[in-house]
Each structure stands twice: as structure tokens, then as C-alpha cells.
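Here is the structure we will look at, set down as C-alpha cells.
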Amino acid sequence: MKLRFLFSPFATAIAVAVVSVAVSCSPNHELNPETDKTETDSTTTEPVVPPSPPSTLPDVSSFSLSDVFELTFGGEQVFPYKGLSAGDYFEATSVSGLDAGTVRRIEVLSVSDSEGARLSCPEKWIGGMCSLTLHVGSSVRNLGTTFVDVVDRYDVPRNARFSLYGRVVDSEGKGIPGVSVSDGKNVVQTSENGFYYILSDRKYGYVFISVPSCYRAAMNRSIPMFFRKITSDVTNYEIRSFVLEKEDNTRHRLLVYTDVHMANRTEDKQQFTDGFKKDLAAEFERAKAEGIPVYAMTLGDLTWDQWWYSNKMEPKDYRDLMADTEVPTYNILGNHDNDPYVADNFASEDKWRSYIGPTFYSFNIGGIHYIQLDNTIFNNKGAAQGTVGDLTDYTEGFTEDELSWLKSDLSYVPKSTPLVIGMHIQYSNRPHVSSNGGNTFSQAMPSAQSALLLDLLSGYKVQFLTGHTHVRYTNFISDNLMEQNVGAICGTWWWCGYYSSHRTNMCRDGVPDGYEVIDYDGTSMTCYYKGVGHDRNYQFRAYDLNNCLIDRATYCPKVATNFKTVTEDLFRQYACGYDTPRDDNVVLINVFSWNPKYVVSVTEKETGKKLTPVRIAGYDPLHVIHFNMGRMNTNSANMTFPTLETDHLFQVICSSETTTLEIAVTDEFGTVYTETMTRPRKLLDMSKSTQW
């Protein structure tokens with residue numbers, strides 16, 4: 001095995017991520033350099049010329065960590081500092097992932113006055129986020145936390161017809177065959193020995209792999225390392241290789257979240273950290289205790305372009321905010337993740353590519369082929385710094401490169417493999433109650449783009465995961481195509497949490513801010529929606545409409561001061577019908593994840609009488625209070641993002657104003673969620689409680 005002994009502890013941040021291909025978990029083949037040489041037309045390799053050492057080496061006491069600390073997989077490299085002796089060492093303690101807490105030594109093997117120290121890489125290690133300490137003699141120095149990038153420098157035989165090449169191996173150095181590798185335009189697969197070759201125009205500035213099933217990649221902050229940056233020089237021959245670790249993920253858990261909209265305002269960082277990040281940490285610990293690998297997918301709008309520069313919250317800041325997250329997270333961008341000052345769809349994505357990763361890619365976990373697609377075409381004309389471009393100037397669709405890549409990617413995926421596709425903008429719109437009580441919905445994606453996409457997906461069983469709407473719904477589009485539109489982490493752009501002093505946050509349809517928890521076992525799936533800060537059994541909310549009167553004096557006494565042109569009509573409009581007293585003994589139930597396969601049943605506890613739930617279109621009273629009333633009571637701005645009419649509401653008529661109800665909601669997987677509702681239940685009490 002030939003190794004290049006190059007080392008750069010000063011390397012700039014290398015964004016990396018993971019994409020996979022459906023390959024079996026059968027044993028890998030040993031590398032055979034002789035066989036590999038016969039597979040290429042030209043196997044001559046240029047001699048590796050190490051950089052000239054500095055005339056005067058700096059003392060190790062001046063060394064400080066950068067974003068990346070590089071090590072050579074299975075080999076050694078020079079650390080260009082003086083002041084070390086053989087036997088000194090770096091100690092790396094993993095701070096994330098399943099090996100969190102594992103301690104490894106990076107030994108100083110020898111010292112040279114001209115080169116510095118020669119370091120070893122721990123065996124069978126793929127790297128990751130680590131806390132580093134430097135042990136020099138009896139002294140110990142804490143260096144901080146960084147990403148330890150274990151770089152495979154095996155001298156893959158070069159083929160003169162291809163300018164980009166490398167290999168994909170496991171932690172023992174064995175080649176992994178059948179792994180899809182792409183530069184964003186071309187897709188090739190690794191050979192029996194894990195080698196790949198691409199003739200690349202370098203447009204996207206990286207090469208990425210589709211991480212195969214039964215493997216995992218190292219994690220940089222929360223981002224799996226499935227891609228490596230390349231130069232833009234098309235004449236430059238570059239080796240970029242990947243080292244993966246085996247992992248049994250046939251059974252796995254996926255956490256899906258979207259629309260974080262970090263803007264560094266409305267206390268959103270505090271709400272996000274105290275709420276969702278605590279949930280994410282708890283989900284990781286729960287999965288670890290159950291022995292289930294856990295991953296996350298985001299669906300875009302992680303930031304908010306309008307606030308990138310003024311509030312210092314752009315993709316890099318979001319990445320750093322997630323640095324201590326232990327769940328490997330595959331990200332995709334939304335319309336608000338484009339640079340507002342840059343004209344051109346491709347150029348506006350540069351910051352995303354620099355700090356988060358590719359804008360479309362795939363990966364495999366267990367029996368599922370996951371695909372992340374950018375379905376936003378940003379048409380911004382650009383703007384001067386200090387102003388804001390036309391942030392609404394975007395359309396839904398795909399670039400030619402992306403569709404061409406998808407076609408090539410799927411050419412290696414059997415039709416029997418289920419596809420889970422993440423996109424930001426919804427494929428279909430939220431459903432409505434039809435005139436006969438059934439379910440109806442329309443297509444959101446432009447028909448021409450939909451036709452192109454469906455043609456490529458023909459013959460596959462497909463599950464779309466989407467965001468963008470800040471509501472929650474499921475549509476069964478055909479026998480082989482369904483969509484789950486996921487509620488937003490930010491709820492109604494963090495305002496409900498802000499107005500309620502962090503007691504509650506919710507989306508425009510009254511669904512709590514939250515995320516999907518999806519368990520896969522092979523190709524079978526179960527899932528539920530998890531409200532941030534709530535128990536998993538919190539799947540619906542019931543209102544006693546006899547006690548849901550919303551009056552100005554109680555809920556928005558300052559509306560006349562804030563809205564100078566306020567009229568009773570304005571208040572009535574945003575009270576959504578709840579400004580009128582009722583005594584008809586109706587109970588309203590908001591079933592957060594309802595779809596046509598759910599069953600809602602209600603029984604009067606005292607009499608045993610079964611009531612008939614009727615699905616209706618209406619408005620969630622708590623959202624009316626926590627957003628509409630909160631906004632009119634505290635803000636003189638326009639009434640943006642008011643309570644949205646939703647069709648996952650059910651109402652029943654009770655025998656009296658004190659009837660106790662037994663409510664049961666059964667999901668499509670047979671899980672039953674129950675609540676005993678004691679009445680009367682006052683809306684004012686609900687609005688002050690963290691229970692709801």
C-alpha cells in the first residue's frame with residue numbers, strides 16, 4: 001500500500017456529508033493492487049513531492065486547533081512543530097455519535113529537527129468530532145474541540161482519461177464495491193476494489209458518495225462526511241477517497257424536521273436550544289438505549305435569508321449551532337437558504353455548499369434509498385448589502401443537472417427498493433373536506449416539473465417528505481406515492497413561543513412545533529409526529545366550545561392602541577368565530593397527524609353513549625389566542641401568518657355541558673392514543689398551561 005505522507009493541521013473547514021447506495025452487507029473483497037492496475041488504461045502516477053519544511057519550525061506551544069485536524073488513514077504524517085519527543089501524544093475523545101466518550105491516542109513516533117514530529121493514526125478509525133488534549137512529558141494542554149478528518153491517502157492508480165479518482169474503503173482498508181460516486185453531474189460506481197474514476201468539469205466543487213447500507217461515515221459537527229471538496233481546475237488530477245465504518249442499520253430510526261428559520265430574533269435561538277435540541281438529545285439517548293441507529297433529515301429553510309447579514313445567522317452559523325448534536329443529519333436547503341444578495345440560482349447556493357454540503361444527493365440506510373432534492377429555483381435579481389432582494393422570487397422545480405443526476409442515481413437502484421425523497425416545497429397541497437365528507441387535495445408542484453419527476457420515479461414505491469407550509473398533513477397520491485408534509489420546528493416563525501413566554505409554540509393549524517419520528521425495519525415503516533417538549537402520546541387536543549369565547553378585554557386589550565385603525569370587524573376577523581358565545585355542548589378535536597386511514601372515536605363516560613365525530617374545516621382556538629391575539633396585543637405590524645383553516649378537526653355534540661368524554665384516536669399502524677376529557681374545560685386555562 002502506497003501512502004502519501006502529507007499533513008495539514010491548519011486545514012480550512014472541509015464540509016462533508018454522506019450519500020448511500022443499496023448494496024448488500026456481504027463481506028468486502030481484499031484490495032488487489034495488481035488487479036487494479038489492469039483495470040485502467042494508464043496507471044502511471046506522478047511522484048509525490050512533499051512540501052519543503054519551513055526553515056524554522058514553530059514551537060508546539062504556539063499550536064492552536066483549526067476547524068479540521070487531519071490524520072492519514074492507516075499511516076503516518078508530519079506535524080511541523082518542534083518541542084515534542086517520542087512518546088508524547090494527542091488524546092482524542094469522541095464527543096458525538098455512537099462512540100461518544102471513546103478515547104484514542106495519536107502517538108508521536110519520532111522527531112526530526114527539520115520536519116517536526118511524526119504522528120500515527122489510531123487503527124480502524126474513521127475520525128469524527130473530538131475533544132483534543134496534548135500530552136508533552138508530564139504537562140497536559142486542552143486544545144478544544146475539532147473535527148478529526150481521517151484522510152485516506154492510498155495512491156490509487158491513475159487513469160489518464162479521468163481527472164478525478166479515488167476509492168471507498170471500510171475501516172480495515174477493504175474496498176467497498178458498488179458505491180455510487182458523483183460530482184453532481186456524473187454518477188459512477190466503485191469497482192470490485194472500491195476504485196472510481198470520473199471525468200469532471202468541477203462545476204459543483206465537490207465529489208460525493210451515496211453511503212451504502214450497513215455503513216456509516218464520520219460526522220463533522222452534525223453533518224455526515226459524504227463529500228469532499230475539489231478544485232476548479234479541470235486539468236488537475238485529484239484523488240478524493242472515503243473511509244466508512246460498518247454499521248448494522250437494517251433497523252433504524254429517522255427524525256425528520258423542517259423550517260427552523262433561525263434568524264437570531266424573537267428569542268429563537270433560546271427557544272430552539274431549550275426546546276428542539278433537548279428533544280434531539282433525548283431521542284439520541286433513547287435510540288442508543290434501544291440499540292437502534294438514529295439519523296435525521298432536514299427539509300430546508302434552516303435559516304432565514306432576510307436576517308443572514310443583519311443578525312449574523314446564515315448557514316455557517318446554523319451549522320455551528322448544531323455542532324454538539326449527536327444525531328447524524330442529512331440536510332437540504334429551502335427557499336430561505338439562498339443568499340439574498342446574489343442573483344442566479346446556482347451562485348445563491350454557494351454559502352450552503354461551502355458550509356452545509358451538496359444541494360442534492362442520495363444515501364442508503366437499511367433497505368431504504370434516501371434522496372434529498374432541491375426543488376427551489378431561486379430567481380432573485382440580487383441586491384446591495386444593507387438592502388434585501390426579492391425574497392419571494394422563486395419557483396418550484398429542478399435544474400437540468402439535478403434531474404440528469406437523479407436519472408443516473410436511480411439507474412443503480414432496483415425498482416424493489418423503496419424511495420424516501422426529501423424536498424422543501426410540498427408536492428401536493430393540504431387536503432380539504434369534500435362535499436360528501438371525503439378527502440380532496442390539489443397538486444402543488446407545477447405540472448411540467450411533476451411529469452419529469454414522476455417519469456424518473458416510475459415503478460418505485462415513493463414516500464415524499466416535505467415542509468414549507470408550516471402545517472402538518474399526509475396525502476395518499478396513488479398506490480405507490482404518498483406525501484408527509486411535516487410541521488415546522490419554528491411553528492409560526494417562533495412567534496407563538498415568543499408571545500406565550502415559551503409556554504407553547506405551534507404551527508398555523510394548531511399542530512405543535514415538532515418533527516416526524518419514523519422507524520424502519522427493513523422496508524417496513526411506522527411513524528408518529530412528535531411535538532417539541534411533549535410526550536409522544538400527545539397526538540390531539542380537545543376543546544370545550546362552551547368555554548372557548550375569545551373577547552378583546554381578556555386576550556388583546558391593547559389592540560386599539562397598536563392598530564390605530566382598529567375596528568370591531570378587524571378583531572372579529574382574527575377571532576375566527578370564537579368571539580361569539582356558545583352553549584351547544586360541542587367539543588372540537590384537533591388530530592395533528594390525521595389522514596384517511598385514522599379512526600377517531602368518542603364515548604360519553606357516564607352513559608357509555610358513542611358519539612359520531614364529524615370532520616370539519618375550522619380554526620384552532622389556541623393558535624388564535626397565541627398568535628392572532630398575541631400579535632394584535634403586542635405588535636403594530638401587519639397581521640401576517642394568521643391562524644390557517646385546517647381540515648384535521650372533528651366535532652361531537654355532547655349530552656350536557658359537564659359530560660366527560662373518552663377520546664381515542666387510532667393511527668394507520670394500529671397505535672391508539674387516548675384522553676379522558678373532563679368538562680367544562682376553559683380555554684383561558686389551556687392558554688396558560690404548558691400541557692397543551
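Since every read-out is calculated from the coordinates, none of them should be taken as a lab result. Only a predicted model underlies this, so the values are computations on that prediction, with no experimental measurement involved. All Cβ positions, glycine included, derive from the backbone under ideal geometry; neighbour counts span all protein chains shown.
Against the longest principal axis of the chain, how steep is helix 400-410, in degrees 0 to 90 to the nearest 10, with axes from Cα atoms? Between helix and principal axis, roughly 80 degrees. Within the stretch 248-531, DSSP assigns beta bridges of which about 60% are antiparallel (rounded to the nearest 5).
Pairwise alpha-carbon distances in the stretch 52-99 exceed 12 Å for 77% of all pairs. With kT/(6 pi eta Rh) evaluated at 10 °C and eta = 1.306 mPa s, and Rh the Kirkwood radius from Cα pairs, the stretch 448-534 diffuses with a coefficient of 109 µm²/s according to Stokes-Einstein. Each distinct pair of alpha carbons in the stretch 460-584 adds a 1/r term; the inverse of their mean, the Kirkwood radius, is 17.4 Å. Computed as a quarter of the hull surface, the mean projected area of the alpha carbon convex hull for the stretch 608-692 stands at 7.5 nm². Looking at the chain, the DSSP beta bridges with both ends there are about 75 percent antiparallel. From most to least packed by mean Cβ count within 10 Å, the peptides 363-375, 257-269, 600-612 give 363-375, 257-269, 600-612.
Taking a straight Cα-Cα cut-off under 16 Å and skipping sequence neighbours fewer than 8 places away in the same chain, the aspartates and glutamates within cross-link reach of Lys605 are Asp544, Glu657, Glu662, Glu675. I'd like the distance between the alpha-carbon centres of the stretch 130-191 and the stretch 232-271, rounded to an integer number of Å. After rounding, the separation between the Cα centres reads 17 Å.
At q = 0.05 Å⁻¹ the log10 of I(q)/I(0) for the chain amounts to -0.27, computed by Debye summation with a single uniform scatterer per C-alpha, solvent ignored.
Plainly put, the stretch 248-531 has a radius of gyration that is 0.95 times its Kirkwood radius, both from alpha-carbon atoms, as the Rg/Rh ratio.
Placing one equal scatterer on every Cα of the stretch 104-210 and applying the Debye formula, the log10 ratio I(q)/I(0) at q = 0.17, 0.19 Å⁻¹ is -0.93, -1.02. Using 27 Å as the Cα-Cα cut-off, could you pick out the over-long pairs in Lys246/Lys316; Lys316/Lys688; Lys185/Lys351; Lys288/Lys597? Cα-Cα > 27 Å for Lys246/Lys316; Lys316/Lys688; Lys288/Lys597; rest within. Peptides 314-321, 549-556 ranked from most to least packed by the mean count of surrounding Cβ atoms within 10 Å: 314-321, 549-556. Ellipsoid fit via the Cα gyration tensor, the stretch 190-298: semi-axes of 33, 22, 9 Å, each the root of five times an eigenvalue, largest first. To the nearest ten degrees, helix 278-290 and the longest principal axis of the Cα atoms of the chain are 70 degrees apart. Expressed in Å, the radius of gyration and Dmax of the Cα atoms of the stretch 384-511 are 17.8, 53. Its Cα centre serving as origin, the chain has a Cβ charge dipole (Lys and Arg +1, Asp and Glu -1) of approximately 840 debye. Descending by average beta-carbon neighbour count within 10 Å, the peptides 142-149, 577-584, 326-333 line up as 326-333, 142-149, 577-584, the highest first.
Were the residues from Val586 through Arg105 laid out at 0.36 nm apart, the gain over their Cα-Cα distance would be 166.5 nm. Label zone of Thr607 (point 7 Å out along Cα→Cβ, amide N under 19 Å): in the stretch 533-547 this covers 544-546.
Overall shape of the stretch 540-688 was characterised from the C-alpha gyration tensor. The equivalent ellipsoid obtained from it has semi-axes of 31, 17, 11 Å, in decreasing order. Modelled label positions at Ser450 and Glu172, each set 7 Å beyond Cα in the direction of Cβ, lie 5.0 nm from each other. The modelled label-to-label distance for the pair Lys246/Lys203, using points 7 Å beyond Cα in the direction of Cβ, is 3.9 nm. For Lys381, the aspartates and glutamates whose Cα falls under 12 Å of its own Cα, not counting residues fewer than eight places away in the same chain, are Asp339, Asp344, Asp390, Asp393.
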